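Undergrad: Structure below; questions to follow.
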Amino acid sequence: MSFHITLKPAERAFTVDSDEAILAAAIRQGVGLPYGCRDGACGSCKSRLLEGRVTHGPHQTKALSTEEEAAGLILTCCARPQTDCVIEARSVPGAGDFPVLKLPSRVISIARAASDVAIVRLQLPANQNLQYRAGQYVEFILQGGERRSYSMATAPHDLGSPPAIELHIRHLPGGRFTDHVFTAMKDRDILRIEGPFGSFFLREDSTKPIILLASGTGFAPIKAIVEHMRHRAIARDVVLYWGGRHRADLYQHEWCEQVAAEWPLLRYVPVLSEADSGEAWSGRTGFVHQAVMADWPDLGGHQVYACGVPAMVDAAQRDFISQCRLPEEEFYADSFTSAADKLAAA
């Protein structure tokens, strides 16, 4: 049995199998919906059910509260239809343009950018053309079917020959995958990946100035977006705010400084939240999203692209909209939800 889904106001339609989540069916059929984690943890896919019935799989209450669900909101990533449905959801042009592929990949190199950050380069098959938008992510498929998501730090034009992508992986002690990366993974290891996924990428139909906001390894997709904009000569003013606790957390600080020096449209603002006297830091301090608010009390004419830990992304979204006049629809985010966070959703 399958059910018919109609999207408003785009008037797009697709079918969903009875045991399938709405978002999974949309991705499979190339229908662009907003989403992030696909696990009921981030809330990026939140939409309104106008007609019909759905049942929700496990999800976090911060992504969808009982009050929101009672008011007709759903998470398309874990909502399974029980009838034909009409859903009010933002359409994301370009999100479904490229096929989702399962690929083998070979580890080319593993470099320690910081004590807890590894930059991993993966070679892709030359006979399978991975296409994606700067800012999207791939998933590692582990034994037993578990998955881990990482954004590509490589812009699509820069895959090279043979094609390769760069990922920035932070070590989470006790994490099944990151423990392996930091203790056992070696060059030439074969890993299975699937992608591209995600609706976090530059909206190129706009001419608004851009705030890029990153914390920790949330810098990876931001880096890809910067490289893409330079390559395409996209003439929009950009300010990159990158936050960490200590100087070592800004593991590609020199790269940012160099690009800002070479590209007049980019300004770079590093921010440390726990800088101490031993670091000889003369830059900005405090929470990175509050640095944005201090510089831009009125964000009414901007777009914001934020990526990093959920606490930073959630605070930025709340405060930019409520205090800095940022239009709700101009905040784009990829919240780096860990496997432990996703487990809490279950």
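The values are calculated or read from the model by the stated rules, or taken from the named source; none is laboratory data. Just so you know, these numbers come straight off a predicted model, no measurement behind them. Cβ: placed from backbone, ideal geometry, glycine included. Neighbour counts: every protein chain shown.
Undergrad: Quick one: in the stretch 79-100, which of the residues that are hydrophobic (A, V, I, L, M, F, W, C), at pLDDT 95 or above and buried (at least 16 other Cβ atoms within 10 Å of the Cβ) is nearest to Ser2 (Cα to Cα)?
TA: Filtering the stretch 79-100 for residues that are hydrophobic (A, V, I, L, M, F, W, C), at pLDDT 95 or above and buried (at least 16 other Cβ atoms within 10 Å of the Cβ), the one nearest to Ser2 (Cα to Cα) comes out as Cys85.
Undergrad: Here's something else I'd like to know. Among the candidates Glu11, Glu68, single out the residue that is over 29 Å from Ala315 (Cα atoms) and of a type outside the set (Ser, Thr, Tyr).
TA: Glu11
Undergrad: Would you mention how many residues in the stretch 232-245 are touching a strand residue (DSSP E or B) at 6+ places or on another chain (Cβ under 9 Å) and either charged (D, E, K, R) or modelled with pLDDT under 95 (or both)?
TA: Looking only at that region, the number is 3.
Undergrad: Any chance the stretch 314-326 includes a residue that's under 28 Å from Val92 (Cα atoms), modelled with pLDDT under 95 and of a type outside the set (Lys, Arg)?
TA: Within the stretch 314-326 (the criterion being under 28 Å from Val92 (Cα atoms), modelled with pLDDT under 95 and of a type outside the set (Lys, Arg)), the answer is yes, since at least one residue qualifies.
To keep it simple, each residue is scored yes or no on (1) touching a Lys or Arg at 6+ places or on another chain (Cβ under 9 Å); (2) touching a residue at least 12 places away in the same chain (Cβ under 8 Å); (3) at negative phi.
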| residue | (1), (2), (3) |
| --- | --- |
| Ile22 | yes, yes, yes |
| Arg53 | no, yes, yes |
| Thr66 | no, no, yes |
| Ala79 | no, yes, yes |
| Thr83 | yes, yes, yes |
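Undergrad: Within the stretch 17-35, restricting attention to residues that are assigned to a loop (DSSP other than H, G, I, E, B) and touching a helix residue (DSSP H, G or I) at 6+ places or on another chain (Cβ under 9 Å), which residue is modelled with the highest pLDDT?
TA: So, considering only residues that are assigned to a loop (DSSP other than H, G, I, E, B) and touching a helix residue (DSSP H, G or I) at 6+ places or on another chain (Cβ under 9 Å), the one modelled with the highest pLDDT is Glu20.
Undergrad: Just need a number here: residues in the stretch 1-26 that are surrounded by fewer than 20 Cβ atoms within 10 Å (Cβ to Cβ) and either among the polar types (S, T, N, Q) or out of contact with any Asp or Glu (no Cβ under 6 Å at 6 or more places or on another chain) (or both).
TA: 15
Undergrad: Does the stretch 162-171 include one or more residues that are farther than 25 Å from Ala248 by Cβ and not small (Gly, Ala, Ser)?
TA: The answer is yes, given that some residue of the stretch 162-171 is farther than 25 Å from Ala248 by Cβ and not small (Gly, Ala, Ser).
Undergrad: Given the structure, is Tyr268 out of contact with any helix residue (DSSP H, G or I) (no Cβ under 7 Å at 6 or more places or on another chain) and either in the same structural domain as Gly30 (by TED's automatic domain parsing) or surrounded by 15 or more Cβ atoms within 10 Å (Cβ to Cβ) (or both)?
TA: no
Undergrad: Which of the numbered conditions does Ala63 fail, given that it passes all the others? Conditions: (1) buried (at least 17 other Cβ atoms within 10 Å of the Cβ); (2) not in a loop (DSSP other than H, G, I, E, B).
TA: (2)
Undergrad: Let me confirm something: among Ala220, Ala248, Ala224, Ala214, which residue is closer than 25 Å to Arg121 by Cβ, more than 22 Å from the chain's Cα centre (by Cα) and touching a residue at least 40 places away in the same chain (Cβ under 8 Å)?
TA: The unique qualifying residue is Ala248.
Undergrad: Still on this structure: Of the conditions (1) in contact with a His (Cβ under 9 Å, 6 or more places away or on another chain); (2) closer than 17 Å to Trp255 by Cβ, His157 clears all except one; give me its number.
TA: Going through (1) in contact with a His (Cβ under 9 Å, 6 or more places away or on another chain); (2) closer than 17 Å to Trp255 by Cβ one by one, His157 breaks only (2).
Undergrad: So which residues in the stretch 237-262 are touching a helix residue (DSSP H, G or I) at 6+ places or on another chain (Cβ under 6 Å) and more than 19 Å from Val313 (Cα to Cα), if there are any at all?
TA: Result: Arg247, single match.
Undergrad: Consider Arg147 carefully, then state whether it is surrounded by 13 or more Cβ atoms within 10 Å (Cβ to Cβ), within 15 Å of Glu194 (Cα to Cα) and of a type in the set (D, E, K, R).
TA: So Arg147 fits the description; yes.
Undergrad: Output the qualifying pairs, or none if there are none: Cβ atoms under 7 angstrom, residues six or more apart or on different chains, first residue in the stretch 275-300 and farther than 14 Å from Trp242 by Cα and part of a loop (DSSP other than H, G, I, E, B), second residue modelled with pLDDT under 95 and aliphatic (A, V, I, L, M).
TA: From residues that are farther than 14 Å from Trp242 by Cα and part of a loop (DSSP other than H, G, I, E, B), the pairs are Trp281/Ala275.
Undergrad: Is it fair to say Pro104 is more than 18 Å from Arg38 (Cβ to Cβ) and either in contact with a strand residue (DSSP E or B) (Cβ under 6 Å, 6 or more places away or on another chain) or basic (Lys, Arg) (or both)?
TA: Yes: the conditions hold for Pro104.
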